[in-house]
Every structure is written in structure tokens, then in C-alpha cells.
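For reference, the structure is listed below as C-alpha cells.
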Amino acid sequence: MAAAFLSTPAMAQDWRLVIHGGAGTIARDRMTPERDAEIRAALTQALEAGSAVLADGGSALDAVEATIHVLEDDPNFNAGRGAVFTAEGRNELDASIMDGRDRRAGAVAGVTATRHPISLARAVMDHSPHVMMASEGANLFSREQGLEQVDPSWFRTDERWEQLQRWLARDRADASDLSGADYKYGTVGAVAIDMEGNLAAGTSTGGTTGKLYGRVGDSPIIGAGTYADNRACAVSATGAGEFYIREGVAHEICARIRFLGETPQQAADFVQTETLALGGDGGVIVVGADGSWAWSFNTAGMYRGMAAADSAPQVAIYGDE
Ligand code: ASP
């Protein structure tokens, strides 16, 4: 009895989970009713996985990982299965995770054989002295950690392959357009606050279609694509990674909340506007240390969803809903 009493949080707090499945040119007239329904079902399934952890008193960190597993396995999203292809026709995956309690973090870049890159990022955090590991070293670490390995063909979908072919055949005048909105949507992310008031954030992606060998985007960069700090907020970003790195988007949002006292919505909107001014489009999801939350994006749409202890889950796709 005593142990049960001690493990009960002193001040139980309502949990909340916010997710995204990428931002981009996601417009109603480009979507079939079947695909619309499929995406909403996938987002709902991911919310259910994370909500089950949080409703059971589990940690924000476990909830973020469980949520992202579902999205990594779903071919509709650019993470795990369904990842976009590099210019050389490979799937090179990036992911990161962060614990708001103590700002421990783990990240991997350019990994090619781990079914769930988010769990490899977590293994780097939990079982190595490092924050970030890349490419072959990270692949080796994944095997040593006993994480599930898959053949590279596991990640392949015909749709992403065709996307690469269109990219390779594109008008070369577009080559400087790193935002390439048509070619990158589908990165996934989750942010959560648990019953103990702890925050966590995670992001997983295949990156951008046609990316060059060795290119790493914002998703595995702590402070750019992912950040969590119990003193402020948890953030996961999606969008034109080069610009999100330059702006330091996820950390910048937390800093505005922490030092200026802005709400998650104010901070997210401000930083999104500044990033767009640099040339980078995309979106973010945020949950604050007080449980308040926001999503903010400057693309036509963003796959997104929210579940909480005290409200019905919601999922949305387009900018006007
Ligand atoms: N931010 C990701 C990257 O640049 C792509 C995306 O979110 O769509 O790798």
C-alpha cells in the first residue's frame, strides 16, 4: 500500500498528446476521399496508441515512442515504411527523442536498417554516452542493442519511388527550391505531457525526396526539429529542414515561452513566421508545461491530431479545419 501511495503523483495532471504526420501541399482538390479517410484512420490509431500509455499513468517519453511506432509502420507517412528516397534511390532515416525532465536526448541520422528509428534514437539516449549517432555506426549500434532489423526493401513504397522519378526528371530551374513542398511531406512527430507533468518530444523522417548523400535535415537535430524542457514546452517540427535548422525552431519556441511568457500558440506562430521569412515552410506542434498546446503551419495543410484526458480526440488535415 505504501509503495502504491508513493508512486502516485503528488499533483496528478491531465495528460495531453499532440501529433503531426507532416506538412505540405496537402489540399482538398489533390486528395481522394479514400486517402483522406486512410490518413484520418492512421492518425487516430497513432493517437490511440499514445493515449493508452498516458491514460494508464505511463510516461510522456513512452507515449511519444509508442505513437511514433504506429506512424513509422504506416506507409502513408515519410518515416520508417513509406520514407522518401535519396537522389541515389536509398532510404536514409533520421529520428530524435527528448525527455523534458532532464533534457536528455537521443538522435540518429542516415540509418538504413532499423524498423523503428525512434527507438534507435531512444537507445542512443538510454544506452550510450552520446546524443547523436550517424550512418553505419548507428546501424551497428542498432544491431548491438538488439533492435528489430529489416531489409531496406521494407521501407520502399511505389508512391515514394515514383515521387523520386518525378524529382529526378524535374525542371532543373527548380534545383534551388529546397522547400520542394511536393517532395517531402509526411515526417511524423509527437509531443506529450503525462500525469506527472513531464514533457517529451520525438520526430522521425525519411528526410526530403532527392536529398544528396549524407544530407541530414532538422528532424534529428536537437533544438531544430525536436526539443523538450519541463520548464517550457515540447516541440516537434516538420518542413523544409535546412531553414528549421538555421532558425533553431524547436528551441526558439521553448525559449520564447520560457523567457517571454508567451503561450505555445504565440511562440509557435512567431517562430513559424520568422522561418518562412528565411524561405522555409512547414509546421510545428507544441505542448506547454501547463498542458496548453498549439499547432502552427504555413503550408496548405498538415496531418495532425490531439488527444487529452479531458477532451475528445481530434484529427485534421487541411488548413481550413
Ligand atoms: N523536416 C524534414 C527534413 O527536412 C522533412 C519534413 O518534415 O517534411 O528532413
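What follows draws every value from the coordinates through simple rules; no lab data is involved. Predicted, not measured: the structure shown is a model, and the values here were computed from it. Cβ atoms come from the backbone with ideal geometry, glycine included; neighbour counts cover every protein chain shown.
Couplings 3J(HN,Hα) of the stretch 144-155, computed from phi: 4, 7, x, 6, 5, 9, 10, 5, x, 5, 4, 7 Hz, in residue order, whole Hz [Karplus 6.51 cos²θ - 1.76 cosθ + 1.60, θ = phi - 60°; x for Gly and Pro].
Separation of the stretch 269-287 and the stretch 83-159, taken as the distance between their Cα centroids, equals 25 angstrom. Across the stretch 15-29, rounded Karplus estimates of 3J(HN,Hα) from the backbone phi angles (6.51 cos²θ - 1.76 cosθ + 1.60, θ = phi - 60°) give 8, 8, 9, 10, 10, 9, x, x, 10, x, 7, 9, 10, 3, 6 Hz, Gly and Pro being marked x.
Based on Cβ point charges of +1 for Lys and Arg and -1 for Asp and Glu, what charge dipole magnitude is obtained for the chain about its Cα centre, in debye rounded to the nearest 20?
Result for the chain is approximately 460 debye, rounded to the nearest 20.
With helices as the sole contributors, the chain gives -10500 deg cm²/dmol at 222 nm; each DSSP H run of n ≥ 4 counts as -39500 (n - 2.57), and the sum is divided by every residue. Between the beta carbons of ARG104 and GLN45, assuming R0 = 35 Å, the FRET efficiency works out to 0.80 to the nearest 0.05. What FRET efficiency comes out for the pair GLU136/LEU278, r = Cβ-Cβ distance, R0 = 45 Å, nearest 0.05? Once the sixth-power term is evaluated, E becomes 0.90.
Approximating the spin labels as points 7 Å out from Cα along Cα→Cβ, the TYR318-to-GLU34 distance works out to 2.0 nm. Placing pseudo-labels 7 Å out from each Cα toward the beta carbon at ARG170 and TRP154 gives an inter-label distance of 2.9 nm.
Mind checking the angle between helix 33-55 and the chain's longest principal axis? C-alpha axes, 0 to 90 degrees, to the nearest 10. Roughly 30 degrees, rounded to the nearest 10.
Listed values for the stretch 122-135 are Karplus-derived 3J(HN,Hα) couplings in whole Hz (6.51 cos²θ - 1.76 cosθ + 1.60, θ = phi - 60°), namely 5, 5, 4, 5, 7, 10, 9, x, 10, 9, 9, 10, 10, 6, and x replaces Gly and Pro.
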